[in-house]
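**Student:** Below is the structure I would like to discuss, written out as structure tokens.
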Amino acid sequence: MISRMIEELLYYAIRHLHLIEEDAIFYRNYLMSEFNVKAPYDGEINYKSIDEMIVPDTLVEQFMNYCINDGLNEKEAEAKVTKIFGMLSPIPSKTIETFNALYNVDKRLATDYLYDLGIKSNYIQKTKIEQNVVIPGEVDGNEIVMTINLSKPEKSNKDIKAALAKPVGDVAYPACPICITNEGCIGSAKTAPRGNLRLIPMELAGNTWYLQYSPYGYYNEHCILILKEHLPMVVKKEYLAALFEFVDLFPHYFIGANSDLPIVGGSILSHEHFQGGNYVLPLMKVKDKILLKGRRDDVVYSILDWPATCFALRGKDKKILLDEADNFVQTWKKFTFEKANIICSTSEQHSTVTSIVTKNDETYTVYLMPRNNLTSEELPGGLYHVRPELQIIKNEGIGLIEAMGLFILPARLKRQLKLVEEIVKNPSKREEIYQNYEDMKAFEHIINEMIEGKFNSIDDLLFYTGNGILHDINVFKDERYGNEALNCFLKELELCKQD
Ligand SMILES: [Zn+2]
């Protein structure tokens, strides 16, 4: 009964969404008019079960079903339910006020508050995220984590480039899925309903940024920091400075900037943003392979023991590290070593950097991974992109999260890999499955390799893929010219290997 559902939702909002009791009559009337209810419910509800709710799933499901039975389609119902949860959540100014008050007591209390509000308002769909397939493991002594994300839409590098080129205008509102104008928005053809989204503004290195959580949650407390203006991704010093200032404010989070070019960047290049969270990515656990010296005594420079060449700069002085990181970025952007196929630019820029900053005690670490998006006739996907035979598993650009060892694979793989397994177990079923599922033919080479015994299991195949991708994106491939190129780049950086 809808009047009872309204009462349950109101009680849920008081218990879990910080709704103040004095506002309950007002919101009851709002909900009654929204659902065309003439008189409120006066019976009992199960208070205890609502008190104990960790996620709002049962309420969301009830309201979704009600809306669908009432004639809305799934998308309309989702927009309406999201709007209602958003209405019952603290308004943005109140959210900011509470966040800041908690921040002054303890930084973690503030992020816990925003994260929990995200879950309780159904913005972060915890149950759905927990259904993602997560397979942690080790390859060549390195930890990597393979995941199949069931909620994140898959985008091709072509789509990503096209979205970047699209002029911003009155046709698209919000201009992109992470624009700050999504807060409270009912959604559009290209953006999800975000009635329940809340943003926390902050000034970092001369710009205004907004903190929010990712609704797709790749890892614990996966947050996004978004530039106020809808401006394309650029790797530049003023934004690198914002990374350092962010970890000063939230030392329990890492923060990283995807590179600013297609193939080697994230899925949204049209709006400057960072990704962070309360999580230790595999790369952050890796030891140094080569210690470097030469520029400053108060900075520790190293190359990490990781398949994709990554530099780490450590030190206590933020300003010096920022200068050093910027020098690194500028040097790499101009570095060309043709014999090793490293060409920084043609008619367009190809070289760029993925950067991540962490702070432990008083020491900052900035991870800098040189990237390049050059393509060729033989490798139209990119010279430093996933090898063609593995693109059926992962085709999207390899952003910072993956470059650091946490792989986000598309939802379709859950079904497809099950079918691969079925064919490998029972090869006589191959043709029948190909006929029923057109997309499965593209896995033929992988199926054959599995039957031949190249991979013992699907997990084995996934780890081979993750490790392979980390080698593929490496700009200094481990052969003669790669090493020569690396030595030459170190010289340009005025760094040399320590004995
Ligand atoms: Zn935007």
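Every number here is computed from the coordinates shown, using simple stated rules; none is lab data. Keep in mind it's a predicted model, so treat the numbers as computed, not measured. Ideal geometry is used to build each Cβ from the backbone, glycine not excepted, and the neighbour counts take in all protein chains shown.
**Student:** Out of residues 5 or more away from GLY265 or on other chains, whose amide H comes under 5 Å of its own, with H placed 1.01 Å from N in the peptide plane?
**Tutor:** Close amide H contacts, sequence-distant or interchain: ILE398.
**Student:** Give me a comma-separated list of calculated 3J(HN,Hα) values for the range 228-234, in order, Karplus coefficients 6.51, -1.76, 1.60 applied at θ = phi - 60°, integers in Hz, x for any Gly or Pro.
**Tutor:** Result, rounded to whole Hz: 4, 8, 7, 10, x, 4, 9.
**Student:** While we're on this one: Can you compute the helix-only [θ] at 222 nm over the chain? Use -39500 (n - 2.57) per DSSP H run of at least 4 residues, normalise by all residues, nearest 500 deg cm²/dmol.
**Tutor:** Numbers: 17 runs with 191 residues, N = 499.
Computed ellipticity for the chain at 222 nm equals -11500 deg cm²/dmol.
**Student:** Can you work out the FRET efficiency for the pair CYS488 and ILE2, with r the C-beta to C-beta distance and R0 = 60 Å, to the nearest 0.05?
**Tutor:** On the way: r = 71 Å, r/R0 = 1.18.
Computed FRET efficiency for CYS488 and ILE2: 0.25.
**Student:** For ASN149, list long-range residues whose amide hydrogen, built 1.01 Å from N in the peptide plane, is under 5 Å from its own amide hydrogen.
**Tutor:** So ASN149 has HN proximity to LEU409, ALA411.
**Student:** Between ASP159 and GLU238, what is the label-to-label distance in nm when each label sits 7 Å out along the Cα-to-Cβ direction?
**Tutor:** 3.2 nm
**Student:** Here is a follow-up. Could you list THR111, THR181 in order of exposure, starting from the residue whose Cβ has the fewest other Cβ atoms within 10 Å?
**Tutor:** Values: THR111 23, THR181 14.
Least to most surrounded, the residues fall as THR181, THR111.
**Student:** Using alpha-carbon positions, what is the distance between the centroids of the range 302-324 and the range 444-483, in Å?
**Tutor:** So the two Cα centres are separated by 28 Å.
**Student:** Using the Karplus curve 6.51 cos²θ - 1.76 cosθ + 1.60 with θ = phi - 60°, work out ³J(HN,Hα) for each residue of the range 416-433 in order, rounded to whole Hz, and write x for Gly and Pro.
**Tutor:** 4, 5, 5, 5, 4, 4, 5, 5, 4, 6, 9, x, 5, 7, 3, 4, 4, 5
**Student:** Another question about this same structure. Would you mind calculating the relative contact order of the chain from Cα pairs under 8 angstrom and at least 6 residues apart, reporting the percent as a whole number? Walk me through the numbers on the way to the answer.
**Tutor:** Numbers: 862 pairs, mean separation 68.7, N = 499.
Reported relative contact order: 14 percent.
**Student:** Spin-label point model (7 Å from Cα, Cβ direction): what's the VAL139 to ASP297 distance in nm?
**Tutor:** The two pseudo-label positions are separated by 4.3 nm.
**Student:** Counting only C-alpha contacts under 8 Å and six or more residues apart, can you give the relative contact order of the range 411-472 as a whole percent? Provide the component values of the computation, followed by the final result.
**Tutor:** Values: 23 pairs, mean separation 16.6, N = 62.
So the answer I get is 27 percent.
**Student:** With labels modelled as points extended 7 Å from the Cα through the Cβ direction, what inter-label distance (nm, one decimal) is found for LEU231 paired with LYS285?
**Tutor:** Using points 7 Å along Cα→Cβ, the separation is 3.8 nm.
**Student:** Okay, moving on. Listing THR95, THR465 from the residue with the fewest other Cβ atoms within 10 Å to the one with the most, what is the order? Working shown, then result.
**Tutor:** On the way: THR95 19, THR465 24.
Least crowded to most crowded, the residues run THR95, THR465.
**Student:** Using a cut-off of 17 Å between alpha-carbon atoms, which lysines can reach LYS333, once sequence neighbours fewer than 8 places away in the same chain are excluded?
**Tutor:** Counting by Cα, and skipping residues close in sequence, LYS333 has these lysines nearby: LYS236, LYS237, LYS491.
**Student:** Moving on. Arranged from highest to lowest average of other beta-carbon atoms within 10 Å per residue, in what order do the peptides 16-23, 60-67 appear?
**Tutor:** 60-67, 16-23
**Student:** Would any residue of the range 331-358 have its amide N under 16 Å from a label point 7 Å out along Cα→Cβ of LYS107? List them or say none.
**Tutor:** Counting backbone N atoms under 16 Å from the label point, the list is 357-358.
**Student:** Relative contact order of the range 151-255, please, whole-number percent, based on alpha carbon pairs below 8 angstrom and at least 6 residues apart. Before the final figure, lay out each step's value.
**Tutor:** Numbers: 109 pairs, mean separation 18.5, N = 105.
For the range 151-255, the relative contact order is 18 percent.
**Student:** Here is a further query. Rounded, prolate or oblate, given the Cα gyration tensor of the range 357-485, with a/c below 1.5 counting as rounded? Kindly include the intermediate steps, with their values, before the conclusion.
**Tutor:** Values: a/c = 2.47, a/b = 1.84, b/c = 1.34.
The shape class here is prolate.
**Student:** Which shape class, rounded, prolate or oblate, goes with the chain when its Cα gyration tensor gives a ≥ b ≥ c as root eigenvalues, a/c under 1.5 marks rounded, and past that a/b bigger than b/c marks prolate? Mind showing how you got there, number by number?
**Tutor:** On the way: a/c = 2.13, a/b = 1.41, b/c = 1.52.
Taking the square roots of the gyration eigenvalues as a ≥ b ≥ c, the chain is oblate.
**Student:** List, in the order given, every pair from LYS155/LYS319; LYS339/LYS454; LYS126/LYS155 whose Cα-Cα distance in the structure shown is over 26 Å. Don't skip to the answer; put the middle values down first.
**Tutor:** Numbers: LYS155/LYS319 37 Å; LYS339/LYS454 33 Å; LYS126/LYS155 23 Å.
Too far apart for the 26 Å limit: LYS155/LYS319; LYS339/LYS454.
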